[in-house]
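Beneath this line is the structure, given in structure tokens, with notes to follow.
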Amino acid sequence: MQKITTKEAPAAIGPYSQAYVAGNFLFTSGQGGLNPQDGTVVKGGIEAQADQTMKNLGELFKEAGIDYTKIVKTTCFLADMSDFAAFNAVYEKYFTEKPARSCLAVKSLPLGILCEVEAIAYLGE
């Protein structure tokens, strides 16, 4: 296994790693709408946080030597399911290959963020 770490995505706020490569797969921890430089929640609502979330994931993908087209599965968490359409409008700009996905509403997310996304990528071929 290989740990993936980058200062271009927010540091873990708990006892976990940003991502790991295991075999031909990359597994990311959940990323949210946090500024990677200071760890603060970005302002501007669900659209701004979703966009930052996707950028943070992109930095982990870049560190692993891939891009969004290699993602096979995402799990998305929303603090409010009424943000579903706005979140999807941002999500589809990044995940153009339409990986498999689950999207759940949760009671709350760390630091009061509005969305979080984790991803699994296939690194082969």
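Applying the criterion of being over 13 Å from the mean Cα position of the chain (by Cα) and β-branched (Val, Ile, Thr) to the residues of the stretch 82-125, the residue that is surrounded by the most Cβ atoms within 10 Å (Cβ to Cβ) is Val106. When only residues in the stretch 70-124 that are among the small types (Gly, Ala, Ser), without any contact (Cβ under 8 Å) to a residue 60 or more places away in the chain and in a strand (DSSP E or B) count, which is farthest from Pro10 (Cα to Cα)? Only one residue tops the list, namely Ala100. For the stretch 50-71, the count of residues that are hydroxyl-bearing (Ser, Thr, Tyr), crowded, with 16+ Cβ neighbours inside 10 Å and touching a Lys or Arg at 6+ places or on another chain (Cβ under 8 Å) is zero.
Scanning the stretch 1-23 for residues that are over 14 Å from the mean Cα position of the chain (by Cα) and farther than 15 Å from Gly65 by Cα yields Met1, Lys7, Ile13, Gly14, Pro15, Tyr16. Screening Tyr20 with (1) closer than 21 Å to Cys76 by Cβ; (2) outside any strand (DSSP E or B) gives one miss only, at (2).
Taken together, the values in this text are just the output of simple stated rules run on the coordinates, not laboratory data. Please read these numbers as outputs of a predicted model, since none were measured by experiment. We place every Cβ from the backbone using ideal geometry, glycine too, and count neighbours over all the protein chains shown.
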